[in-house]
Amino acid sequence: MKLAVFASGTGSNFEAIFSAIQRGALQAEIVLVVCDKPSAKVADSARRKGVSTFVFAAKDYPSKEAYETTIAEHLESVGADWLVLAGYMRLIGKTLLDKYPGRILNIHPSLLPKYKGKDALGQALAQGDMLLGASVHYVDETLDGGTIIKQVSFSRTEGEIRTAIEQRLHHVEHELYLAVLQELSKEAQ
Ligand code: GRF
């Protein structure tokens with residue numbers, strides 16, 4: 001599998017996938033990191049690891065179609081065959097959906113279909129949910145929609161502080177994304 005990881009922020013999921021590949025837990029290669037925030041930590045981290053990056057600012061393009069066409073050129077030039085969204089804060093448009101049908105994944109920090117969109121953990125906590133989780137799903141044109149591939153849940157404890165919950169959630173996400181990618185990579189062999 002030749003993965004292109006799309007991210008806008010910290011990139012802990014990118015790092016987890018990268019390190020799984022390095023230790024031989026996943027037969028794949030990250031051929032590109034696509035980042036829409038020039039100052040994002042993930043862009044720096046990819047460069048330091050020697051991973052090719054395409055970093056852009058949407059405001060420099062007249063439309064989503066225009067920047068996605070440029071992204072598609074970069075994806076083609078490195079031969080990416082799976083798009084792995086990990087904290088990419090943009091809706092994928094028709095240009096990329098049409099070029100990679102059934103080949104775009106996203107991870108979301110909730111038990112979808114609950115709590116789509118921003119701050120899913122905050123939404124779950126505001127509802128008083130004790131059972132939290134994360135989902136990996138195929139991407140379609142809707143926000144955090146698309147067929148769910150795999151979910152993992154865990155219980156928070158009474159009074160557990162948000163930063164501790166976030167830490168556990170990230171850990172759960174890293175294992176979940178790896179498990180999905182391992183399954184897909186086996187199917188691809
Ligand atoms: C994750 O919680 C992911 O589920 C969401 O954005 C966050 C990205 O975290 N879509 P990181 O940048 O991979 O650390």
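No lab work stands behind these numbers, since they all come straight from the coordinates. Just so we're clear, the structure is a prediction, and the values are computed from it rather than from any experiment. Glycine also receives a Cβ, built like all others from the backbone with ideal geometry; neighbour counts cover every protein chain displayed.
How high is the relative contact order of the chain, in percent, counting Cα pairs under 8 Å that sit 6 or more residues apart? Once divided by the residue count of the chain, the mean separation gives 21 percent. Here region 2-188 carries DSSP beta bridges of which approximately 40% are antiparallel, counting only pairs with both residues inside.
To one decimal place, what Kirkwood hydrodynamic radius in Å is obtained for the chain from all pairs of distinct Cα atoms? Intermediate values should be presented prior to the final figure.
Details: mean 1/r = 0.0591 Å⁻¹.
Computed over the chain, the radius equals 16.9 Å.
Once the Cα atoms of helix 12-22 and of the chain are each reduced to a long axis, what angle between those two axes, in degrees from 0 to 90 to the nearest 10, is obtained? It is inclined by approximately 70 degrees. The mean of 1/r over all pairs of different alpha-carbon atoms in region 3-44, once inverted, gives a Kirkwood hydrodynamic radius of 10.5 Å. Just list whichever of 118/186; 64/118; 59/186 have alpha carbons separated by over 30 Å in the model shown. Going by Cα-Cα distance, 118/186; 59/186 fall outside the 30 Å limit.
From its DSSP helices (H runs of at least four residues, each -39,500 (n - 2.57)), the chain gives a residue-normalised ellipticity at 222 nm of -12000 deg cm²/dmol.
What FRET efficiency would be calculated for the residue pair residue 25, residue 78, taking the C-beta separation as r and a Förster radius of 25 Å, to the nearest 0.05?
Numbers: r = 22 Å, r/R0 = 0.89.
Using R0 = 25 Å, I get an efficiency of 0.65.
Rounded to the nearest 10 degrees, the inclination of helix 64-78 to the longest alpha-carbon principal axis of the chain is 80 degrees.
Among 61, 115, the ranking by other beta carbons within 10 Å of each residue's beta carbon, starting with the fewest, stands as 61, 115.
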